[in-house]
Amino acid sequence: MSTDTKKNGRGRGRQAEPKPMTEEERIEFELAEEARINSGSWDSVAPGKAQDFGASFRRMLGLLAPHKWWFTFASLLHFDTLPVALVQVSKTDAKASVAGALASIILITLLLMVLSLLHRDRVTRTPGQES
């Protein structure tokens, strides 16, 4: 045993007691565990296999199903999505199309960073807890 271990009191086999989970942490843990159990493994649908195309396609449809009414609404109103608009612009002005794509990537990155910072503040600061 080294002198460092003796000085710091480490290596004696004692482990810190796990702190109890809050109600919010327990609910998050249960939801995550339920999602893990209910989700298929990557082995259930092998990507790129021709015989598994149907299962893979059904899984994709299942993921998009909650948004079907928004897709229908946008389709009926003939909305152009951002990728479609960028392709149309690229036919006339390639530099403007590249600039638009880059601007959208930067904007979305900044938006996601701001949202993650806001979420972090909300999760770590709970009522009754000092900062």
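Rule-based calculations on the coordinates, nothing more; no lab input. Predicted model only: the values in this text are computed from it and were never measured. FYI the Cβ positions are ideal-geometry reconstructions off the backbone, even for glycines, and counts take in every protein chain you see.
Descriptive notes on the structure:
- Phi to ³J(HN,Hα) by Karplus 6.51 cos²θ - 1.76 cosθ + 1.60 over the stretch 85-97, Hz, x for Gly, Pro: 5, 5, 5, 5, 5, 5, 5, 9, 9, 5, 5, 5, 5
- Here r is the Cβ-Cβ distance between ASP80 and SER116 and R0 is 22 Å; the resulting FRET efficiency, rounded to 0.05, is 0.15.
- Computed over every Cα-Cα pair of the stretch 80-124 and binned at 5 Å starting from 0, the pair-distance distribution P(r) comes out as 5, 22, 18, 16, 11, 9, 9, 6, 3, 1 percent.
- In order through the stretch 54-71: 3J(HN,Hα) via Karplus (6.51 cos²θ - 1.76 cosθ + 1.60), integer Hz, x for Gly, Pro: x, 5, 5, 5, 5, 5, 5, 5, x, 6, 8, 4, x, 9, 4, 5, 5, 5
- Diffusion coefficient, µm² s⁻¹, Stokes-Einstein with Kirkwood Rh over alpha-carbon pairs of the stretch 51-120 at 20 °C and 1.002 mPa s: 140
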